[in-house]
Structures are given as structure tokens and as C-alpha cells.
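Nothing in this text is a laboratory measurement; each read-out follows from the coordinates by a stated rule. Fair warning: this is a prediction, and the values are worked out from it, not measured in the lab. We place every Cβ from the backbone using ideal geometry, glycine too, and count neighbours over all the protein chains shown.
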Amino acid sequence: MSDKFTPTDRNRVMRMRDQAHYDRETIYAILDCTFLCHIAFVHKEQPLVIPTCYGRDGDTLYVHGAAASRMMNNMAQGMPISLAVTLLDGVVLARSSFNHSINYRSVMVFGQAVPVTEKAAKLHALKVISDQIMKQRFEDTRKPTGGELAATSVLAIKIDEASAKIRKGPPDDDEGDLTLPYWAGVVPLTMVAHPVIHDPRLDANKQPPDYVNQYIENYETHVTPTAKNRKKK
């Protein structure tokens, strides 16, 4: 297996090609930072984009939804889909409004979905999705019943083609604008996890498990690795 995806008519980055990345390491690192994606598909000649959670296991992404979901049913028929993930890292304020930008990491994945129907494989896929959101949680909950599994559709999307696009760094002002009397720079943005809110029906003495506390503590640097360096300053 190659360590890079071959640029094709589907996954080739057309604008700002210097920001393009096709290596699996970069693409998978971005995919592993989050669990929310947007999937684009066509339903009755109408383009649709729907957000959903995913989990990555090697070269496969798993998604799940209600068995009656039009997205799941359409994808299960083998139609081509595209899946996008974007992480916002900063607002870039230039001296010229034309050169304002954002710092971000994004991935586009192209492939086809295959239904996962066998019970053990389905449970594995659901664990992968759960682990993508919060590791250890799947083992620390009641497992799905037969009825719940039947009501849940699970799809596997092999990552056939993919590309990443990353913008980072300061504003890219024109040379002639550098002496203008306007402030320029970057406002870094990160996602943070806040302290838990207990279910009001929970036993008053029940405290969140250690893995939840660790999740909160590490979430910002998990999603935005460079946040760790800023915290040290």
C-alpha cells in the first residue's frame, strides 16, 4: 500500500496547490483529531450535505444512522459519495481585506459505502465510532440489544481517494501593503471541553470516570496539537 494517495480528477486540489497534501500520515492525522464530518450525496437529483459522526479503522471510515435514514439508504446502494472534515485553527487578519483568510486543516474523502450487516462486524464498527468520540466509553456502557442493532444502519467507506488542504501562518499581504497603518496578525481558535454537567437523575455520589476527566483535560490539544505549545508560553 502506498503512503500517498494519487492525485486524480476527483481529489486533486485545484486552488492554492501549495497547501495540498496527499500523504496518508497527514490525512489520517486530521481525520483522527475529530469525529464530525459532512457527507455529500445526491437524492432524487437533489444534492444534499448531512453532518454525522464517523470512526476511522485503518483505511476504512465507519458511519451509522437510523435504518430509515435516506442518507444511509442512498449510500448503501453504492452511489459515489464525498466526505469532508474541517478543523478551524484561526482567523487571519491582513492589512488588505482582500487578503483576509483563515487557518484550517481539511480533508476530502471519496469512495463508496458498503453496508455492514454481520453482528460482530457491526458491533466492531460501532465501537470504532464510539472510540473516535471518546475512548473507553463503549466498554463502559450497556451494549446494543438485537432490536437496537436492527434499527441501526452501519456503513463502511473505504478511503479510495483523499486529499488534505492546510493553511497556516501569518497574513499573506502584498509587498506594497506592508507599510500601511493597519494591524495584521492571527487570532488563534481552538475547541475546548468544559466541565461535565451531571444528568439530574444520576446518583448524587456518582462521579465521572477517569477517562472522562482525561478527555476534558486533553481535548483542546487533541483537536489542535499546536495549542500545547501556546499553553507553555
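Work out the P(r) tail for segment 192-233: percent of alpha carbon pairs separated by more than 13 Å, whole number. Before the final figure, lay out the partial values.
Working: 526 of 861 pairs.
Beyond 13 Å sits 61 percent of the P(r) for segment 192-233.
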Inset, instruction - Can you tell me the dipole magnitude for segment 17-189 around its Cα centre, using point charges on the Cβ only (Lys, Arg +1; Asp, Glu -1), in Debye to the nearest 20? - result: 760
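Which of the residue pairs Lys119/Lys206; Lys119/Lys165; Lys4/Lys165; Lys4/Lys158; Lys44/Lys158 have a Cα-Cα distance greater than 26 Å in the structure shown? If you can, show how the numbers build up before the last one.
On the way: Lys119/Lys206 32 Å; Lys119/Lys165 37 Å; Lys4/Lys165 14 Å; Lys4/Lys158 15 Å; Lys44/Lys158 24 Å.
From Lys119/Lys206; Lys119/Lys165; Lys4/Lys165; Lys4/Lys158; Lys44/Lys158, over 26 Å: Lys119/Lys206; Lys119/Lys165.
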Legend entry - Gap separating the Cα centres of segment 1-49 and segment 135-202, nearest whole Å: 15
Inset, instruction - Name the residue farthest towards the positive end of the dipole of the chain from the options Ile166, Gly146, Leu189, assuming +1 on Cβ of Lys and Arg, -1 on Cβ of Asp and Glu, about the Cα centre. - result: Gly146
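If you count, for each residue, the other Cβ atoms within 10 Å and average over each peptide, how do 193-205, 96-108 line up from highest to lowest?
Values: 193-205: 8.1, 96-108: 16.8.
Ranked by mean Cβ neighbours within 10 Å, highest first: 96-108, 193-205.
Only helical DSSP H runs with n ≥ 4 go in: add -39500 (n - 2.57) per run for the chain, normalise by residue count and round the 222 nm mean residue ellipticity to 500 deg cm²/dmol.
Values: 6 runs with 55 residues, N = 233.
Taken over the chain, the calculation gives -6500 deg cm²/dmol.
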Legend entry - For peptides 169-178, 111-120, 140-149, sequence by mean Cβ density within 10 Å, most packed first: 111-120, 169-178, 140-149
Inset, instruction - Obtain the nm distance between the two label points defined at Glu45 and Asp3 by a simple spin-label model: each point lies 7 Å from its Cα along the Cα-to-C-beta direction. - result: 4.8
Inset, instruction - Name the residue, out of Val186, Val85, Val154, whose mean-square fluctuation peaks in a Gaussian network model built on the chain with Cα pairs under 10 Å. - result: Val186
Legend entry - Cα gyration tensor shape for segment 1-122, rounded if a/c is under 1.5, else prolate or oblate: prolate
Inset, instruction - Compute the Cα gyration tensor for segment 6-45, then decide on rounded, prolate or oblate, letting a ≥ b ≥ c be the square roots of its eigenvalues: rounded whenever a/c is under 1.5, prolate when a/b is larger than b/c in the other cases, and oblate in all that remain. - result: oblate
Inset, instruction - Quick one: compute a quarter of the convex hull surface over the Cα atoms of the chain and quote it in nm². - result: 17.7
Inset, instruction - Starting from the Cα gyration tensor of segment 134-200, take the square roots of the eigenvalues, sort them a ≥ b ≥ c, and report rounded, prolate or oblate (rounded when a/c is under 1.5, otherwise prolate if a/b is larger than b/c, else oblate). - result: oblate
Inset, instruction - Please sort by residue number the chymotrypsin sites (Phe, Trp or Tyr not before Pro) in segment 1-82 whose DSSP state is loop and whose Cβ has at most 13 other Cβ atoms within 10 Å. - result: none
